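*Asks:* Got a structure for you, questions after.
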């Protein structure tokens, strides 16, 4: 499988993704799945400027990603798929049924969210969405950087990474 | 908040560390404001940076990595405020050069500082045997 990591990260392309994961995984491409970014040339250019020239970024909406995911998964190069939120990942899981594991890498504070980990804040609905994702057979873990221990969904929801 | 000519923004203590070094070397860091993205989502980074620019009057934003969320935020801000200058890959030499270019227009000072910062990146390697004859081992 060419996609090494399916990640939820509200910063999308940023240092942890490009360098923190990109270097150890030897990432050759990123699939950025976001309906808004997929419809904006300016946003796409902004994110392209953030990656080294040898790393390709493919911009997809949920609909187009669902069609092309199999192609990305068969790609021989190592890749990473990114969504900015849980809902987008759930839509992609439901549309494809071929995402085995999801990494929660960064969901930051906003009104209505409470802290679960240093880098994960969730509304009650988002916490339930993650449980639903697990019930679909997807392995849900939280891990911001490769050097950190991946935390199980139970640990994430209990906030045990904060201890 | 005092006025500042530039914001230095990046991961963790990147800005605080660099400005600490600027202060130790020059005795001043008053033209810079530090900013960290620690614990902030993308929108929070953008809001904080916009607030710092508005309140300080800064004309230049120095950031660390091209892919960093501070760089992304700075470029978004630059879209709304085209007069802003964004410098990525900031190092100590660049900030020192910028500090001492107060009489130069900020955007031009940033461009010159970038050249200085780039030029300060050097690699020193062990001399090869063909050129080390006069060195310590060659003199034995």
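The values are calculated or read from the model by the stated rules, or taken from the named source; none is laboratory data. Note that the structure is a prediction, hence the values are computed from the model and not measured. Counting neighbours? That spans all protein chains shown, and the Cβs are built from the backbone with ideal geometry, glycine included.
*Asks:* Among the residues of the range A:23-32, write down those that are surrounded by 13 or more Cβ atoms within 10 Å (Cβ to Cβ) and within 14 Å of another protein chain (Cβ to nearest Cβ).
*Replies:* A:27, A:30, A:32
*Asks:* Which number in (1) out of contact with any strand residue (DSSP E or B) (no Cβ under 7 Å at 6 or more places or on another chain); (2) within 14 Å of chain A (Cβ to nearest Cβ) marks the one condition that residue B:3 misses?
*Replies:* All conditions are met except number (2).
*Asks:* As an exercise: evaluate residue B:15 against (1) in a helix (DSSP H, G or I); (2) within 10 Å of chain A (Cβ to nearest Cβ); (3) surrounded by 23 or more Cβ atoms within 10 Å (Cβ to Cβ) and give the number of the one condition it does not meet.
*Replies:* (2)
*Asks:* Something else about it: Restricting attention to the range A:83-96, does a residue exist that is out of contact with any helix residue (DSSP H, G or I) (no Cβ under 6 Å at 6 or more places or on another chain), within 14 Å of chain B (Cβ to nearest Cβ), surrounded by 13 or more Cβ atoms within 10 Å (Cβ to Cβ) and under 22 Å from residue A:137 (Cα atoms)?
*Replies:* Yes, the range A:83-96 contains at least one residue that is out of contact with any helix residue (DSSP H, G or I) (no Cβ under 6 Å at 6 or more places or on another chain), within 14 Å of chain B (Cβ to nearest Cβ), surrounded by 13 or more Cβ atoms within 10 Å (Cβ to Cβ) and under 22 Å from residue A:137 (Cα atoms).
*Asks:* Scanning the range B:22-59 for residues that are within 14 Å of chain A (Cβ to nearest Cβ) and in a loop (DSSP other than H, G, I, E, B), which turns out farthest from residue A:119 (Cα to Cα)?
*Replies:* Filtering the range B:22-59 down to residues within 14 Å of chain A (Cβ to nearest Cβ) leaves B:36-49.
Among the residues that remain, those that are also in a loop (DSSP other than H, G, I, E, B) are: B:37-41.
Numbers: B:37: 12, B:38: 9, B:39: 7, B:40: 9, B:41: 9 Å.
If we take residues in the range B:22-59 being within 14 Å of chain A (Cβ to nearest Cβ) and in a loop (DSSP other than H, G, I, E, B), then B:37 is farthest from residue A:119 (Cα to Cα).
*Asks:* Additional query: Does the range A:33-62 hold any residues that are more than 13 Å from chain B (Cβ to nearest Cβ) and closer than 21 Å to residue A:10 by Cβ, and which are they? Write out each step before concluding.
*Replies:* Of the range A:33-62, the ones more than 13 Å from chain B (Cβ to nearest Cβ) are A:33, A:35, A:38-39, A:54, A:56, A:58-62.
Answer for the range A:33-62, where residues must be more than 13 Å from chain B (Cβ to nearest Cβ) and closer than 21 Å to residue A:10 by Cβ: A:33, A:35, A:38, A:39, A:58, A:59, A:60, A:61, A:62.
*Asks:* Which fully enclosed helices (runs of 4 or more DSSP H) of the range B:60-122 have 1 or more residues being without any contact (Cβ under 8 Å) to a residue 60 or more places away in the chain, within 14 Å of chain A (Cβ to nearest Cβ) and closer than 18 Å to residue A:47 by Cβ?
*Replies:* Details: elements: B:69-80, B:92-99, B:106-119.
Output list reads B:69-80.
*Asks:* Then there is this: Among residues belonging to the range B:111-136 that are modelled with pLDDT under 90 and surrounded by 10 or more Cβ atoms within 10 Å (Cβ to Cβ), point out the one that is farthest from the chain's Cα centre (by Cα).
*Replies:* Looking at residues that are modelled with pLDDT under 90 and surrounded by 10 or more Cβ atoms within 10 Å (Cβ to Cβ), I get B:133.
*Asks:* In this structure, does residue B:28 turn out to be surrounded by 18 or more Cβ atoms within 10 Å (Cβ to Cβ) and closer than 15 Å to residue B:98 by Cα? Even if it seems obvious, please write down each step before you answer.
*Replies:* Values: surrounded by 18 or more Cβ atoms within 10 Å (Cβ to Cβ): no; closer than 15 Å to residue B:98 by Cα: yes.
So residue B:28 does not fit the description; no.
This table checks each residue for (1) exposed (fewer than 13 other Cβ atoms within 10 Å of the Cβ); (2) more than 14 Å from chain B (Cβ to nearest Cβ); (3) touching a residue at least 12 places away in the same chain (Cβ under 8 Å).
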{"position": "A:74", "(1), (2), (3)": "yes, yes, yes"}
{"position": "A:104", "(1), (2), (3)": "no, no, yes"}
{"position": "A:115", "(1), (2), (3)": "no, no, yes"}
{"position": "A:125", "(1), (2), (3)": "yes, yes, no"}
{"position": "A:144", "(1), (2), (3)": "no, no, yes"}
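*Asks:* Just checking, does the range A:1-22 include any residue being over 17 Å from the mean Cα position of the chain (by Cα) and more than 11 Å from chain B (Cβ to nearest Cβ)? Working first, answer last.
*Replies:* Filtering the range A:1-22 down to residues over 17 Å from the mean Cα position of the chain (by Cα) leaves none.
Checked against the condition, which is being over 17 Å from the mean Cα position of the chain (by Cα) and more than 11 Å from chain B (Cβ to nearest Cβ), the range A:1-22 yields no hits at all.
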